[in-house]
Ligand code: ARE
Ligand code: CA
């Protein structure tokens, strides 16, 4: 196995210097060069339970132009039948047929998104099959029974661990975590050559449809060497993002998986919350540096995902200005490869997206209220966080900032500010009161657009910005949004 440092598989370094040069060169060619954004940043969006047709349309209409680089889809394989969203996480076969769309629609989505400059990362559920205790028929018509998936897996292809119900009971026991059943889900014997072959064939099939890579669901529940063997058989440039939830005191940690690729860093969402809230705001500048963070170049950073949106652990669309600030701060920080979450409104944890008469998920549509952060969302409505003006503006800000280091760090009790070399500058005000100040930015003099409020702000000859930032918001400027006079 190659080391994490030399393996391209282990990196998500998608920021292209050429792309950035193009933006910068765009300055001065028009009265305002906002349309000239880098085509190739590293920000992704998790379009939770979006259908393939809806994702394709979104890539063209919104994601490409807004500067998103990749989409994380929900699992594309055949699943059990049922209304809950989590039916997606109970595979019945590896046919690319689900209530999110057909194989043809999936292939068409990848092509459309690729043309829009947006890569597709598919959620790969490979640790287990269903958690069903009686026989059934999957979404695409495949018959199954407990521990038997005809033509794919037979009973000898599963683990039967030594807890009475075969379930995981304690996460402090590495054997249970990897060889017992996660919430009753039939646990594949991922050490077996046959199982590895079946999983490999499925992943190869998705690659043949053009995906750039995979989220490896429940990677923690497979021994690191099994994951390494499975992804090691894939082409070297396959992007791998592993779900290994970091929890203190557990024997299995994200670091064990870095040889196979990147990891979702759960520490990020946990630490961004108190920074927006009540703890010392200057801790922001230390984020990503302690031992409970995977190295930046192998970490996916996020405010929330579909699990933490439901378990009370993260800020969600219910949290208004704090939620927006958490997203702004995540996108502004150089750490990691950020993924914005975008889902639908719900009151019950299990409720799935709205389906039509045929049981398929109805295509998502974004109808954004004037102030999405304070809107009253109706259950089932698509929240479309990736389109919220402040979030989408910060995607462009990050793309322009690229890999430029933090400069001109400043903080006060409830506010902070910093630049990213001479490319971008931001002031964040978490208090309810407006903040008036003067900051050294490192930016060239000129009229810039505050991409959060839309107002024009001036940076003087010595690079100073004097401004008032409203309570609970931010002021953000970058060299891709210069008003020429
Ligand atoms: C559903 C029902 C269950 C039922 C099962 C089988 O809820 O009651 O037994 O079906 O019929 C999702 C849903 C589950 C759902 C499952 C299958 O969340 O509710 O079960 O799909 O349909 C752990 C894992 C981590 C996992 C989280 C949820 O380590 O991998 O639990 N996350 C992924 C996905 C989930 C998905 C699955 C895995 C399964 O993102 O959406 O489940 O494919 C500590 C530990 C963590 C642990 C966490 C919660 O923090 O450190 O490792 O996460 O506790 O237990
Ligand atoms: Ca397992």
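Throughout, read-outs are computed from the coordinates displayed, never taken from laboratory work. Computed from a prediction, not measured in an experiment: that's the story for all the values here. Neighbour counts run over all protein chains shown; Cβ positions are idealised from the backbone, glycine included.
Full extension of the segment from residue 104 to residue 250, taken as 0.36 nm per residue of separation minus the current Cα-Cα distance, would add 48.4 nm. Legend: ranking of residues 306, 408 from fewest to most surrounding C-beta atoms inside 10 Å; resulting order 408, 306. All Cα-Cα distances of segment 90-148, cut into 10 Å bins from zero to the largest, leave 20, 43, 25, 11, 1 percent in each bin in turn. Over the C-alpha atoms of segment 208-247, the Rg to Rh ratio, Rh being the Kirkwood estimate, stands at 0.99.
Principal-axis analysis of the Cα atoms of the chain puts helix 389-401 at an angle of about 80° to the longest axis. Expressed in Å, the radius of gyration and Dmax of the Cα atoms of segment 241-326 are 13.2, 38.
For the chain, DSSP calls about 60 percent of its internal beta bridges antiparallel. Against the empirical 2.2 N^0.38 Å (N residues), segment 323-400 has a Cα radius of gyration ratio of 1.26.
Per q in 0.17 1/Å, what log10 I(q)/I(0) does a Debye calculation on the alpha-carbon atoms of segment 336-446 return? Cα-only, vacuum Debye calculation for segment 336-446: -0.96. Full extension of the chain between residue 83 and residue 236 gives 51.3 nm of extra length, using 0.36 nm per residue less the Cα-Cα distance. Residue separation of residue 297 and residue 145 scaled by 0.36 nm, minus their Cα-Cα distance, works out to 50.5 nm of gained length.
Among 50, 377, the order by Cβ neighbours within 10 angstrom, fewest to most, reads 377, 50.
Helix 266-276 and the longest principal axis of the C-alpha atoms of the chain enclose an angle of approximately 30°. Quick one: Debye curve from the C-alpha atoms of the chain, no solvent, what's log10 I(q)/I(0) at q = 0.07, 0.13 Å⁻¹? The Cα Debye sum returns log10 ratios of -0.37, -1.23. Relative contact order for segment 193-316: 20 percent, from Cα pairs under 8 Å spaced at least 6 residues apart, divided by residue count.
Each peptide in 156-169, 96-109, 117-130 receives the mean, over its residues, of other Cβ atoms within 10 Å, and ordering these scores from highest gives 117-130, 96-109, 156-169. Mean separation of Cα pairs under 8 Å and 6 or more residues apart, divided by the residue count, gives the chain a relative contact order of 16 percent.
FRET efficiency for the pair residue 468 and residue 156, taken as 1/(1 + (r/R0)^6) with r the Cβ-Cβ distance and R0 = 56 Å, rounds to 0.20. Compared with the dominant Cα axis of the chain, that is its longest principal axis, helix 103-115 is turned about 20°.
Grouping the Cα pair distances of segment 412-480 into 10 Å bins from zero gives a pair-distance distribution of 23, 59, 18, 0 percent in increasing distance order. Cβ-to-Cβ counts within 10 Å put 447, 374 in ascending order as 374, 447, the fewest first.
Normalised by 2.2 N^0.38 Å, where N is the number of residues, the C-alpha radius of gyration of segment 112-206 stands at 1.26.
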